[in-house]
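What follows is one structure encoded as structure tokens, with my remarks underneath.
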Amino acid sequence: MGQKVLHIGKAGNMERYAADKKFLEKIHLVDLPMGLEPEKYLKEAKDAQVIVADAIARIPAELIDGMPNLRMIHSEGVGYNGIDLEAADRNHVYVCNCRGMNASAVAEQAVMLMLGVLRDVKNGDRAVYEGEQIRKKESYMKNGNLMELADCKVGLVGFGDIAKSLAKLLNAFQAEVYYYKRTRESKESEREYGASYLPLDELLSSCNIISMHVPVTEQTFHMADDAFFSKMQDGSYFINTARGEVADSAAIVRALKSGKLAMAGLDTLEFEPVQKDNLLLTQEQEIQDKILFSPHIGGITASSFRRGYAMIWKAIQDLEEGKTPLNIVNALI
């Protein structure tokens, strides 16, 4: 029997997405759900060499310190916020993620939300159900407020794998694409992705669609706040397919009420799993009509999972063969 692997997440994922069934047979797999106390995991898998964890699973120091044979913790997704990186470094444990696994999927979701708010899909759909199709159509014609992506300047806040995939899609729609990140891309990269750099304040004031593509850190928590929205054009559109915590929900509401935002398209919200009393769900109808939600599904296509698990199984096999795994996110390199 080869390595022992503790999987913390949805039961069956490891088997479902194992391309090499023969290698799977060599693994001693312990499959446990998220949310258990560390001692429960240690009781079943104290001697495991690998933890594969749901992207939002909590992997605390107590668990890492209690597994003397642990060599790698691999996120099932791109996120790894719940993993104690200091404890991993202290124990010489690699922490890896599935970088890029969902880039094209989330980029498509962002385009869907952009088109959804530009064409007012939510309210148009309801109008047809209510027998108001012609009235709604005539109101759009009178107001002249339906836009094409080609009419827009789209500002990407952050320019990682997802934003770069999104830039290429937006090029096909003939939108003007701009981006902001702390370190500017090379001229060659900007040409490749058809995106131009702008400082953040200039990006916010120049673009009529702003799309978030940053991870949650101390610096980016509530990055989209009142000051952020105040710098945007009146009647702009706000898209978030990153993490809910990068945007202040109360600030989104205020921006919608003031008209600073025409609409918001949100795949992620603060305080997930989202409950009925979430601030963004309890607004008056006028504000509800200005928000298009999707249930945080941007990155969970079947193709994303296949790509991600190909990375995970490759990393486990690399460890088996004495190689350094790819996509290491902690200081242990």
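The values are calculated or read from the model by the stated rules, or taken from the named source; none is laboratory data. None of these values were measured; they are calculated from a predicted model. Positions of Cβ are backbone-derived with ideal geometry, glycine not excepted, and every protein chain shown enters the neighbour counts. With ligands, DNA and RNA removed, areas are computed over all heavy atoms of the protein, side chains included. Shrake-Rupley method; radii C 1.70, N 1.55, O 1.52, S 1.80 Å.
Can you go through Glu138, Glu108 and tell me which one is at pLDDT 95 or above and within 26 Å of the chain's Cα centre (by Cα)?
Selected residue: Glu108, the only one of Glu138, Glu108 that is at pLDDT 95 or above and within 26 Å of the chain's Cα centre (by Cα).
Output the helices (runs of 4 or more DSSP H) that fall wholly within segment 99-171 and possess 2 or more residues being free of Cβ contacts under 8 Å to residues at least 60 places away in the same chain, or say none.
Where helices (runs of 4 or more DSSP H) fall fully within segment 99-171 and carry at least 2 residues being free of Cβ contacts under 8 Å to residues at least 60 places away in the same chain, they are 121-129, 133-143.
Tell me which residues, restricted to segment 244-279, are among the basic types (Lys, Arg) and either closer than 24 Å to Val106 by Cα or surrounded by 19 or more Cβ atoms within 10 Å (Cβ to Cβ) (or both). Break it down stepwise before answering.
Start the filter on segment 244-279 by keeping residues that are among the basic types (Lys, Arg), which leaves 254, 257, 260, 276.
Lys260 - this is the single residue of segment 244-279 that is among the basic types (Lys, Arg) and either closer than 24 Å to Val106 by Cα or surrounded by 19 or more Cβ atoms within 10 Å (Cβ to Cβ) (or both).
Would you please name the residue that is nearest to Ser236 (Cα to Cα), looking only at residues in segment 290-323 that are β-branched (Val, Ile, Thr) and open to solvent by 60 Å² or more (accessible area, probe 1.4 Å)?
Among them, the one singled out is Ile297.
Which members of segment 280-289 meet the condition of being over 14 Å from Ser249 (Cβ atoms) and open to solvent by less than 60 Å² (accessible area, probe 1.4 Å)?
Once the filter is applied, which keeps residues that are over 14 Å from Ser249 (Cβ atoms) and open to solvent by less than 60 Å² (accessible area, probe 1.4 Å), segment 280-289 yields only Asp289.
Starting from residues that are farther than 24 Å from Glu176 by Cα and in contact (Cβ under 8 Å) with a residue 24 or more places away in the chain, keep the ones in segment 216-243 and report whichever is most open to solvent (accessible area, probe 1.4 Å).
Going through the qualifying residues, I end up with Phe221.
Report yes if some residue within segment 266-276 is among the polar types (S, T, N, Q) and within 25 Å of Cys96 (Cα to Cα); otherwise report no.
yes
Residue-wise test of (1) surrounded by 14 or more Cβ atoms within 10 Å (Cβ to Cβ); (2) within 27 Å of the chain's Cα centre (by Cα); (3) under 14 Å from Gly265 (Cβ atoms).
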position: Met114; (1), (2), (3): yes, yes, yes
position: Asp125; (1), (2), (3): no, yes, no
position: Glu130; (1), (2), (3): no, no, no
position: Ile134; (1), (2), (3): no, no, no
position: Met147; (1), (2), (3): yes, yes, yes
position: Gly158; (1), (2), (3): yes, yes, no
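I want to confirm something. Restricting to segment 172-187 and keeping residues that are under 17 Å from Leu204 (Cα atoms) and of a type in the set (Phe, Trp, Tyr), which single residue is surrounded by the most Cβ atoms within 10 Å (Cβ to Cβ)?
At the first step, the residues of segment 172-187 found to be under 17 Å from Leu204 (Cα atoms) are 175-182, 184.
Checking the rest, the ones that are also of a type in the set (Phe, Trp, Tyr) come to 178-180.
Numbers: Tyr178: 21, Tyr179: 26, Tyr180: 23.
Of everything passing the filter in segment 172-187, Tyr179 is surrounded by the most Cβ atoms within 10 Å (Cβ to Cβ).
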